[in-house]
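Peer 1: One structure is given below, represented as structure tokens, and several questions about it will come after.
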């Protein structure tokens, strides 16, 4: 079973290595989704050092192939954003399910992994909440500064409020241990001082 899991993870990484978008971290260029998946896995393991198999797998494929469904194809409003996000979830689930099936992962594990990817039963499923925490931390670390620069402070405050609401105490505590961008820290301070 362990070999099947390792092969699935390798296949996820190979798939994400095709991302044409590049992220530069410490002067090193990576395919964006390959880097983000590795970071999501790292953060997930910080939140839960003994993850279930579905959580481990989901941490490697949560946003697999994200570049394949472009945001520009949807209207530039809330409805367009939500539609895009829902299409992405389904895409991530379908690609992941195919890779897991090709590696003969048991159906029960595949179904639980897909449940995490689709963020089902988030308040009832500890694994789903853990992945949500990891996604929020990843956003704060790697995407929040760009969001603030493009959306401005007022809109960013609203997005940060929603992000913090998605996290539980474990997620928030871990997020506060990281060195977040100064702009993100300033917004978090504004939110917490007003609550």
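Peer 1: Need at least 2 residues that are closer than 30 Å to residue 10 by Cα per element, so show me which helices (runs of 4 or more DSSP H) inside region 80-195 make the cut, counting only ones lying wholly within it. Please lay out each step first, then the result.
Peer 2: On the way: elements: 107-117, 126-142, 144-166, 169-177, 182-193.
Because the criterion is at least 2 residues that are closer than 30 Å to residue 10 by Cα, the helices (runs of 4 or more DSSP H) in region 80-195 that meet it are 107-117, 126-142, 144-166, 169-177.
Peer 1: Taking the residues in region 19-38 that are touching a strand residue (DSSP E or B) at 6+ places or on another chain (Cβ under 7 Å) and free of Cβ contacts under 8 Å to residues at least 40 places away in the same chain as candidates, determine which candidate is surrounded by the most Cβ atoms within 10 Å (Cβ to Cβ).
Peer 2: Among those residues, the one meeting the criterion is 35.
Peer 1: On the given criteria, is residue 122 assigned by TED's automatic domain parsing to the domain that holds residue 25 and modelled with pLDDT of 95 or more?
Peer 2: Values: assigned by TED's automatic domain parsing to the domain that holds residue 25: yes; modelled with pLDDT of 95 or more: no.
No, not satisfied.
Peer 1: Let me ask something additional. Could you tell me which numbered condition residue 52 fails, if it satisfies all but one of (1) touching a strand residue (DSSP E or B) at 6+ places or on another chain (Cβ under 6 Å); (2) touching a residue at least 12 places away in the same chain (Cβ under 8 Å)?
Peer 2: (1)
The values are calculated or read from the model by the stated rules, or taken from the named source; none is laboratory data. As the structure is a computational prediction, the values presented were derived from the model and not from experiment. As a convention, Cβ positions derive from the backbone with ideal geometry for all residues, glycine included, and neighbour counts pool all protein chains shown.
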